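Heads up, the thing below is written out as structure tokens.
The values are calculated or read from the model by the stated rules, or taken from the named source; none is laboratory data. Please read these numbers as outputs of a predicted model, since none were measured by experiment. Quick reminder, even Gly has a Cβ in these numbers, built from the backbone with ideal geometry, and neighbours come from all protein chains shown. These accessible areas exclude ligands, DNA and RNA; they are computed on the full protein's heavy atoms, side chains included. Shrake-Rupley method; radii C 1.70, N 1.55, O 1.52, S 1.80 Å.
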Amino acid sequence: MASGGRRGSGAGGRHAPARIRPVRAPAPAPPIALAALIAALALTGCAAGGNSSATSAPSARNTPSPHRTTPAELCATLVSYWAKEELNGGEWAGLDWEQKGLSNEQYVIHDAVVAAARRELALHGAAAALALVDRTAKRECAARGGATGSTENWREPP
């Protein structure tokens, strides 16, 4: 290398430049193809896992109508619950009528139902007594229109 030339320069002292091939980005999808794909997915219900009813609005024929609880139904539920608690010796059976959420009239029904159920329990057993509670509470509450009246704020305990 006494000549001061470049190493590896070969004849003429020049390197051939390395060829770098440009990387081309993939061509963007035409807007029409993209719109068609989105429309196809929407129409087939792909997001619902094939169950198109999961994304559609409920029809009138399978939508349950709302049920408004009547005063008689509420009365029967309350009286029946608390009468069964008393018969079973439940922890909260000793609450007074106000703490149980009963009106004065409902408490009168409650007392009568419990007395009848205790007689039924002695004669025919627990299952018969609990069935009597439900029947009697439903009948008496319906006959009194829910028995929501309270004529006083205090009632002497029995």
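Out of segment 78-158, which trypsin sites (Lys or Arg not before Pro) are coil in DSSP terms and have no more than 15 other C-beta atoms within 10 Å?
Values: sites: Lys84, Lys100, Arg118, Arg119, Arg135, Lys138, Arg139, Arg144, Arg155; in loops: Lys100, Arg144, Arg155.
Hits after loop and neighbour filter: Arg155.
Measure off, as a whole percent, the carbon and sulfur share of the 1.4 Å-probe accessible area of segment 60-158, all protein chains present.
Answer for segment 60-158: carbon and sulfur cover 55 percent of the accessible area.
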